[in-house]
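Visitor: Dropping the structure in here first, questions after.
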Amino acid sequence: MITQDIQEILLSEDQIAERCRELAAQIQADYLARGSIPVVVGLLKGSVPFMAELMKRFTMPVEVAFMKVSSYQGTKSVGDVRIDMDMDLSTVDRDVLLVEDIVDTGRTLKAVKQMFRNKGAQGVQVVALLDKPDRRVVDIEADYVGFEVPNEFVVGFGLDYNQRYRNLPYIGILKPEVYEQGE
Ligand code: 5GP
Ligand code: MG
Ligand code: MG
């Protein structure tokens with residue numbers, strides 16, 4: 001079973017749920033103070049459990065959508081983004097709340113934010129469950145962060161290694177032998 005591959009649990013199910021409640025309350029208060037209701041956009045697949053935990057705490061009438069993107073480094077240093085699966089709602093003149101699993105180098109976030117602006121969104125804000133500030137290569141920060149994590153590869157609660165471990169209810173560090181087997 002995949003639980004045997006985990007070396008250490010960094011964030012428990014309860015810790016994550018509690019932090020998601022706090023984040024949702026803060027985010028909702030901020031939007032209501034500005035008189036705005038966002039379109040909440042989850043980036044597939046890593047954001048799915050986080051999105052579920054957050055959205056059920058909102059009582060404002062948000063709309064929810066998902067999209068799948070892959071980021072790559074183009075010829076420019078900023079990187080670029082390819083849409084693998086587009087969303088089914090318009091975000092023109094709307095405030096967008098992007099829901100991300102983790103901000104690592106920051107390339108994905110920077111490219112996706114720019115894409116929404118180009119498509120006519122009014123504003124783009126970001127909530128990321130995890131942040132690895134030590135790994136940043138582009139100058140970008142999420143507006144809301146669940147937890148800062150050290151510079152280690154983490155899995156669970158949506159985050160994968162070779163498409164596995166997304167279904168773990170907590171966030172943990174893999175045993176090194178799992179990577180070694182995979183190489
Ligand atoms: P960025 O463009 O910020 O470098 O990339 C972010 C993406 O890289 C995340 O959405 C995630 O898919 C992947 N990623 C970055 N760090 C980790 C990590 O520690 N664990 C896992 N499972 N994925 C990561
Ligand atoms: Mg992601
Ligand atoms: Mg991944």
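The values are calculated or read from the model by the stated rules, or taken from the named source; none is laboratory data. Since the model is a prediction, treat every value here as computed from it, not as a measurement. In this analysis, Cβ positions are derived from the backbone assuming ideal geometry, glycine residues included, and neighbour counts consider all displayed protein chains.
Visitor: So Arg135 clears everything in (1) touching a Lys or Arg at 6+ places or on another chain (Cβ under 7 Å); (2) surrounded by fewer than 16 Cβ atoms within 10 Å (Cβ to Cβ); (3) among the basic types (Lys, Arg) except one condition, right? Which one?
Guide: Of the numbered conditions (1) touching a Lys or Arg at 6+ places or on another chain (Cβ under 7 Å); (2) surrounded by fewer than 16 Cβ atoms within 10 Å (Cβ to Cβ); (3) among the basic types (Lys, Arg), the odd one out for Arg135 is (1).
Visitor: I would also like to ask the following. In the set Ala142, Ala128, Ala121, which member is modelled with pLDDT of 95 or more, away from ligand 1 (no atom under 11 Å from the Cβ), aliphatic (A, V, I, L, M) and crowded, with 17+ Cβ neighbours inside 10 Å?
Guide: On the way: Ala142 fails: away from ligand 1 (no atom under 11 Å from the Cβ); Ala128 fails: away from ligand 1 (no atom under 11 Å from the Cβ).
Sole residue among the options that is modelled with pLDDT of 95 or more, away from ligand 1 (no atom under 11 Å from the Cβ), aliphatic (A, V, I, L, M) and crowded, with 17+ Cβ neighbours inside 10 Å: Ala121.
Visitor: Name the single residue, out of those in segment 154-179 being assigned to a loop (DSSP other than H, G, I, E, B) and without any contact (Cβ under 8 Å) to a residue 24 or more places away in the chain, that is surrounded by the fewest Cβ atoms within 10 Å (Cβ to Cβ). Working first, answer last.
Guide: Looking only at segment 154-179, we keep the residues that are assigned to a loop (DSSP other than H, G, I, E, B), and these are 157-158, 160, 162-163, 165-170, 175.
Then drop every residue that is not without any contact (Cβ under 8 Å) to a residue 24 or more places away in the chain, which leaves 162-163.
Working: Asn162: 9, Gln163: 7.
Top of the filtered list is Gln163.
Visitor: With surrounded by fewer than 14 Cβ atoms within 10 Å (Cβ to Cβ), under 28 Å from Leu174 (Cα atoms) and more than 19 Å from the chain's Cα centre (by Cα) as the only criterion, which of Glu18, Glu8, Glu22 stands out? Before you say what the answer is, go through the steps one by one.
Guide: Details: Glu18 fails: more than 19 Å from the chain's Cα centre (by Cα); Glu22 fails: more than 19 Å from the chain's Cα centre (by Cα).
Result: Glu8 is the single residue among Glu18, Glu8, Glu22 that is surrounded by fewer than 14 Cβ atoms within 10 Å (Cβ to Cβ), under 28 Å from Leu174 (Cα atoms) and more than 19 Å from the chain's Cα centre (by Cα).
Visitor: In contact with a Leu (Cβ under 8 Å, 6 or more places away or on another chain), of a type in the set (Asp, Glu) and farther than 26 Å from Gly172 by Cβ, is that true of Glu63? Give the steps one after another, and end with the answer.
Guide: Working: in contact with a Leu (Cβ under 8 Å, 6 or more places away or on another chain): yes; of a type in the set (Asp, Glu): yes; farther than 26 Å from Gly172 by Cβ: yes.
Yes: the conditions hold for Glu63.
Visitor: Could I ask something else about it? If I filter segment 4-48 down to residues being in a strand (DSSP E or B) and more than 16 Å from ligand 1 (Cβ to nearest atom), which single residue comes out as farthest from Gly146 (Cα to Cα)?
Guide: Start the filter on segment 4-48 by keeping residues that are in a strand (DSSP E or B), which leaves 6-11, 39-43.
Still in the running and more than 16 Å from ligand 1 (Cβ to nearest atom): 39-40.
Values: Val39: 20, Val40: 16 Å.
Looking at residues that are in a strand (DSSP E or B) and more than 16 Å from ligand 1 (Cβ to nearest atom), I get Val39.
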